[in-house]
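Since the structure comes first, as structure tokens, the remarks are kept for the end.
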């Protein structure tokens, strides 16, 4: 294609930005300038009645008005950029750019633009230019201005091989001297105020510099001419999208880029100036682009980007996009990396100087992590007690780092609480650092703010050594603007390098097909999206030994609805059911007992279909079951709306316990906060708005939630009575969505649980101890996998402050624990509760670990007095093998079958099993927490005599002979 441009152009006038004025205009880099903003003027957004207004200012060039220096701390009321109130709706600030931005002499010559955005103190309100969409205000800097006409502001011209293109520029203030260089060589000079040079017969990429001088003023414009040098060649066998490490010195890169004409690989290995040797080949059958990199140094970190080009892109779409590999497992970000503490990510690779956007890290010859646990047995779905954690708000170290090491250091906290699964809120590369993680940009890359790959693997390994499964929360309904697959096919009318999916995008809908959209909406009916999702699933299961995935916002996995039709979104959608079953099947194909969890929160027909899916194979998809409101009614002391029947799977008619019921999650207001704000205060002796009283009631909450058969979830620090609102702001204020400072829900939260050592506070530690005991019962006593009834027919009012739960399993012998009765009193006065015991006789207080507290029941209906906010849990027999009891290895210990040809089991709960040959050589080492009956595989052992050494959590050891037959 020959690019012809008319030269009958006049220097473009400055854009009139009526909301903002600068004096003088143009701005001079080394002279004072007064910037005034009218916050009352019509705009795309606004600042309403602010106490203060801040200017967030930056200087740069045509490609990025903030690209050289930025001054301002977004969201901070620290005086940096604070403006003066003129009293008429306008605010002003006077600066001298060279000193305000601390510019070097070289930077002063490079600055040609200033970017401006205005905000209220905490950044919840901002003022931008309404120019067909919210944009930064931009002003010229310098009396001498040079404007590039071709190439335009993105600085790229795309041509076919052997074609021509013009370079056109113009300047203000009369003639100037122009010097044009290509690949470091001067090719043209001229003195003019309108520059026009034609490159002809272009066959190789040209990295150009146009230096324009007028007197002592120098302006440099950098631009690139890229040639479509794509060739057709079959992709080598067994290659997949992303990086394929083929040796310690080579790797093959593969990219899926439909509708694109060419792709270059620009990286540290070619100084980010790729020649035709780095043009990716295109497979004629699949359309995939690929390139083999050779001569790499083993262990050396390299970085690269794809430069993805289209000669004739659709309207408003760029002809070139620079982006990291969508299948990156580690990306470097110029936006986020400078703020990552060294304690979280030691020796973080440096972002390549002079580049923009994310880059992918490539490293051959990496050392493989040495897993200590390679055969972890996941806890049964029925027994799961999941602890949901936002790493950012769980703990911090001395320099503010919030990372996996804090979780590792607190492993005893989890273990002593007797949870058997930890669910991490999203840890994949997200935009920003201190985020919840649902604004994911790269789904296979770890966000470096939380630590390294090896440190995450260490955390998973430590969890597995302690019998704790690890589940990842993953957001595959959507992605955000830094995502490569958004950017490669995007609408970018203002040419700023950001945009939403274009009509060509093969992965994303232009308009969301459901009513709960955030970011850009994935189209899961597209096979390319399905392939991508399955690669993501495979990565976390196979590379990190992840035990399960919690799929965020599964209501969005349909193509049948619109953004405005909530009724449609909440109705049964066959395409959504089918694709999510497909993803579950794929997960199970990689890991037969993988946990598949959906956050659907509605649609009983769909949920039942998923919960019962392949249940005869021991599978079934687990569903989040929000029960915040009824449980909060109980903890606040109000009977109305306190029906807790929905906590169990019976309420959904599931064939098996696949409902993860929870009173609290990251999305819901803290029960304790509402207890203190709105609790029943009618009894001064038991006032729920009193902190210690409110905390003391949380033990009873655990008793009537954690014990109900089926998987359950705890939101971190509910077990300590955490009372901080989820709307707590960085400054300590609490604002919900209607607050004057906006919604602080996503703000980083304080750490009182550690700062104030809550585990030593009697009231809080009691809740922790009680929940630990309840979890122990649930995990280790088979009866809690049985049948249950909540508020049976003798107490038909389901909205009651005295809930009763009856749990039973008649398949368990009657002389063992097979019946449990739970009584609770959420009133503010003492209550006499009719227990309706299933039988008379001795009933044990299961909260007494010594089994020394019991009652003799002569009448099953004789009332039991329970104080306000307290509970009782009784069992027909004393529990066995609880972790809080002494575990003595005696004649009752059994290893069976013996002899065995494939596997053996022991009849006790153990933490470590080692198999040695008769010479004492270690053959196998099983680490973790293994329930009684766990099968230890020996199918690959040779026939003969072995010694099996078993270790309990108390450190007791027993060695038994085993014959492999």
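For the reader, a short list of remarks on this structure follows.
- For the range 135-254, Kirkwood radius (reciprocal of mean inverse C-alpha pair distance, Å): 17.1
- Using the Cβ-Cβ distance between residue 78 and residue 963 with R0 = 51 Å, the FRET efficiency computed as 1/(1 + (r/R0)^6) comes to roughly 0.10.
- Sorted by Cβ neighbour density within 10 Å, fewest at the top, the residues 706, 103: 103, 706
- Highest average first, the peptides 234-241, 575-582, 631-638 ordered by how many other beta carbon atoms sit within 10 Å of their residues are 631-638, 575-582, 234-241.
- Separation of the residue 743 and residue 31 label points, Cα + 7 Å toward Cβ, nm: 4.7
- Mean residue ellipticity at 222 nm, helices only, the chain: -4000 deg cm²/dmol; runs of at least 4 DSSP H residues each add -39,500 (n - 2.57), and the sum is divided by the number of residues.
- Under the simplified labelling scheme, the residue 862-residue 234 pair shows an inter-label distance of 8.6 nm, with each label point 7 Å from Cα along Cα→Cβ.
- Treating r as the C-beta distance of residue 300 and residue 589 and R0 as 35 Å, the FRET efficiency rounds to 0.45.
- D (Stokes-Einstein, µm²/s), Kirkwood Cα radius, the range 604-723, 0.692 mPa s at 37 °C: 218
- Against the chain, whose longest principal axis comes from its Cα atoms, helix 527-544 is set at around 60 degrees.
- Förster radius 25 Å - calculated FRET efficiency between residue 454 and residue 244, Cβ distance, rounded to 0.05: 0.70
- Spread of Cα-to-Cα distances over 10 Å intervals beginning at zero, given as percent, for the range 658-762: 14, 40, 35, 11, 0
- Zone of residue 179's modelled label, taken as backbone nitrogen in the range 203-227 under 12 Å from a point 7 Å along Cα→Cβ: 209-214, 218-220
- Residue 880 versus residue 902: modelled label distance in nm, points set 7 Å from Cα along the beta carbon direction: 2.6
- Size of the range 700-858 as Cα extents on the principal axes (Å, biggest first): 60, 35, 31
- Projected over all directions and averaged, the alpha-carbon convex hull of the chain occupies 44.6 nm².
- Arranged from fewest to most other beta-carbon atoms within 10 Å of their beta carbon, 339, 100 become 339, 100.
- For the range 273-417, the equivalent ellipsoid derived from the Cα gyration tensor has semi-axes of 39, 21, 19 Å, listed largest first.
- The range 498-554, Rg to Rh (Cα coordinates; Rh as Kirkwood inverse mean 1/r): 1.03
- Along each principal axis, Cα extent of the range 573-663, largest first, Å: 47, 26, 18
- Length gained when the stretch residue 94-residue 923 is fully extended (0.36 nm per residue, less Cα-Cα span): 290.9 nm
- Zero-based 5 Å bins, Cα pair distances in the range 127-202, whole percents: 3, 12, 17, 21, 17, 11, 9, 8, 2, 0
- Sorted by Cβ density within 10 Å, fewest first, the residues 642, 247, 765: 247, 765, 642
- Highest average packing first - 615-625, 940-950, Cβ atoms within 10 Å: 615-625, 940-950
- Nearest 10 degrees, 0 to 90: helix 574-590 Cα axis against the chain principal axis: 80
- Peptides 830-842, 814-826 ordered by packing proxy, namely the average of other Cβ atoms within 10 Å per residue, highest first: 814-826, 830-842.
- Potential extension, residue 528-residue 689 segment - 0.36 nm per residue separation minus Cα distance: 52.6 nm
Throughout, read-outs are computed from the coordinates displayed, never taken from laboratory work. Worth saying up front: this structure is predicted, and the values here are computed from it rather than measured. Cβ: placed from backbone, ideal geometry, glycine included. Neighbour counts: every protein chain shown.
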